[in-house]
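Visitor: Below are the structure tokens for one structure; questions will follow.
The values are calculated or read from the model by the stated rules, or taken from the named source; none is laboratory data. Keep in mind that this is a model prediction, so the values were computed, not measured. A quick note on method: Cβ atoms are made from the backbone with ideal geometry, for glycine too, and the neighbour counts reach across all protein chains shown. Remember, those area values only see protein heavy atoms, side chains included, never the ligands or the DNA or RNA. Shrake-Rupley method; radii C 1.70, N 1.55, O 1.52, S 1.80 Å.
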Amino acid sequence: MQISRELSLAKMGCGTWAWGNQLLWGYNENMDEQLQAVFNLCVSNGVTLFDTGDSYGTGRLNGRSELLLGRFAQAYQGLNQEKICIATKLAAYPWRWTRNSMIKACQSSAQRLGRNVDLVQMHWSTANYAPWQEKGLLEGLADLYEQGLVKGVGLSNYGPKRLKMVQQRFAERGVPISTLQVQYSLLSTYPVTQLGLKDVCDELGIKLIAYSPLALGILTGKYSETRNFPKGVRGLLFRQLLPGVRSLLACLQEIAQSRNKTMSQVAINWCICKGTIPIPGAKSLAQAQDNIGALGWQLDAGEIAELDKAASSTDKVMVQNIFQTQ
């Protein structure tokens, strides 16, 4: 039976990197009931796209994010149930280099999810360090679409040059690329302003997904230079970045107050206004509710121009993903 090819991509999704990640996000299994409530709240409010990866989950919890998503999706019965779209990213592990290794990886993801993957994505390009590895992985990605195992395929952390090459190769096989995912926020405008990715995506009919739209939480306004740092690696990064982003945070705060919105909602809405699909993460109902508040309204041209100006004049920006290609 041929799988329906219709991909349901909401205006905003939910990132689930934290669901199973102890190292960066302090996950523990006691959170699962709360995460189910987050999932339910998102879906019932039209946030039906969930982004995950087969590498998500620390140590013995590897694949945990997919397992949880599968469990939550099966348990959910309510509004927008039929629109749930689970997008997973397959890691370019060194031991994966044949097309068959990608098919097996996607089948393993589907097993953890208890359902087919809707949108399968290449987690990163190996072009920067092992270009020979990529050919087989991409062929396998296209095979998954041809064999009807997924509704759509996407890429992650690809720049315009590599994207055009892959798009051409896939077009020869009649395989469309549905999405491209990059780190994009007010503190990471590089993929759009310098690489010009949005224009290329528009030209090729590809939706641009913005991951880390709140810059790991810096743009929420919850953290200050002197107190309230998150633990671990994020805390170290925040100490370096916060002093250089004062003017941007002040601009965000001003617009948020005049709009009666939160800084997070303004930062996410900015991504939507730029024509991207942001996928902010959520570990609690309060976070999910805050994210949902970014929908149903739009910043005006003046506010966007103010934010653009503040973003371009910051002293510090987010570190780019090491796998991001040209």
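Visitor: If you count, for each residue, the other Cβ atoms within 10 Å and average over each peptide, how do 298-309, 257-268, 154-165, 41-52 line up from highest to lowest?
Guide: 41-52, 154-165, 257-268, 298-309
Visitor: Determine the per residue accessible area of segment 173-274 with all protein chains present and a 1.4 angstrom probe, expressed in square angstrom.
Guide: In whole numbers, segment 173-274 has 42 Å² accessible per residue.
Visitor: Then there is this: Report, to the nearest whole %, how much of the accessible area of the chain belongs to carbon and sulfur atoms, 1.4 Å probe, protein only.
Guide: Result for the chain: 51 percent of the exposed heavy-atom area is carbon or sulfur.
Visitor: Follow-up. Given contacts defined as C-alpha pairs under 8 Å and at least six residues apart, what's the relative contact order of the chain, whole-number percent? If you can, show how the numbers build up before the last one.
Guide: On the way: 591 pairs, mean separation 63.1, N = 326.
Across the chain, relative contact order equals 19 percent.
Visitor: Mind checking the per residue accessible area of segment 20-162 for me, 1.4 Å probe, whole number of Å²?
Guide: Heavy-atom SASA per residue in segment 20-162 reads 40 Å².
Visitor: Provide Rg and Dmax in Å for segment 1-120, with only Cα atoms included in the calculation.
Guide: 14.2, 42
Visitor: In nm², what is the average projected area of the convex hull enclosing the Cα atoms of segment 228-326?
Guide: Computing the convex hull of the Cα atoms and averaging its projections yields 7.8 nm².
Visitor: Using the Cβ atoms and a cut-off under 15 Å, what net charge is assigned to the surroundings of SER108, where Lys and Arg are +1 and Asp and Glu are -1?
Guide: Local charge sum for SER108: +4.
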